[in-house]
Amino acid sequence: ELKVEQNPLFLSMQEGKNYTIYCNYSTTSDRLYWYRQDPGKSLESLFVLLSNGAVKQEGRLMASLDTKARLSTLHITAAVHDLSATYFCAVSEYGNKLVFGAGTILRVKS
Amino acid sequence: NAGVTQTPKFQVLKTGQSMTLQCAQDMNHEYMSWYRQDPGMGLRLIHYSVGAGITDQGEVPNGYNVSRSTTEDFPLRLLSAAPSQTSVYFCASSLRLGQGANGYTFGSGTRLTVV
């Protein structure tokens, strides 16, 4: 059974600092997703990572995938208040159903 | 292009009542699914469908029914509501099991309270 673990579950950051959210998963997968959710809102797709070594960047966020280690990271560079949200990773098991991590609540303080 | 439309946005039910949460997509997506979101638990899959006439159970199917008579619609039925079903429900769709540049498209959610 596929399990997805995120850490930390809560992250309080100062503006301008860097930090990384980790996503570990338990079985082989063909793709990994990162989503952002603002309070009371739906999920917004950030990144889709398809292969080992994949790296994608959008603004201050960069996601990478190491399929051998079954690990993905979401790196935040020079955090700003607008990045405050909950971030989820989700893993699909060779095209099958999507399994989510518990989410990381990110708060950026000025 | 409306994407994934969920109705209603909010609902309060009494224990034992039944209701249907509606989900419709206009992107000709084959794959549709229902998730529930509870604090600290991420999203958990309730039921999913890989095409019209085909449905299957996810991680937490008990107390819920689904059907897929058309490509566009995937309603979720609560048979006899219980307080444990208080949650936020999301419908999601994709071209084919996560294919496509952005993978899955999520609806805006239905916030359900069972009293």
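The values are calculated or read from the model by the stated rules, or taken from the named source; none is laboratory data. Computed from a predicted structure; not experimentally measured. Glycine gets a Cβ as well: all are built from the backbone with ideal geometry, and neighbour counts include every protein chain shown.
What the table shows:
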item	result
Lone qualifier among A:LEU9, A:LEU2 - being surrounded by 14 or more Cβ atoms within 10 Å (Cβ to Cβ), within 13 Å of chain B (Cβ to nearest Cβ), more than 12 Å from the chain's Cα centre (by Cα) and among the hydrophobic types (A, V, I, L, M, F, W, C)	A:LEU2
Total residues in segment B:72-108, condition at pLDDT 95 or above and assigned to a loop (DSSP other than H, G, I, E, B)	9
Hits in segment A:73-110 (condition: among the small types (Gly, Ala, Ser), out of contact with any Lys or Arg (no Cβ under 7 Å at 6 or more places or on another chain) and away from chain B (no Cβ under 14 Å))	A:SER110
Selected residue (only one of A:LEU83, A:LEU65, A:LEU49 is surrounded by 15 or more Cβ atoms within 10 Å (Cβ to Cβ) and within 13 Å of B:GLY103 (Cβ to Cβ))	A:LEU49
Yes/no for B:GLY63 being of a type outside the set (S, T, N, Q), over 15 Å from B:SER18 (Cα atoms) and either modelled with pLDDT of 95 or more or touching a Leu at 6+ places or on another chain (Cβ under 6 Å) (or both)	no
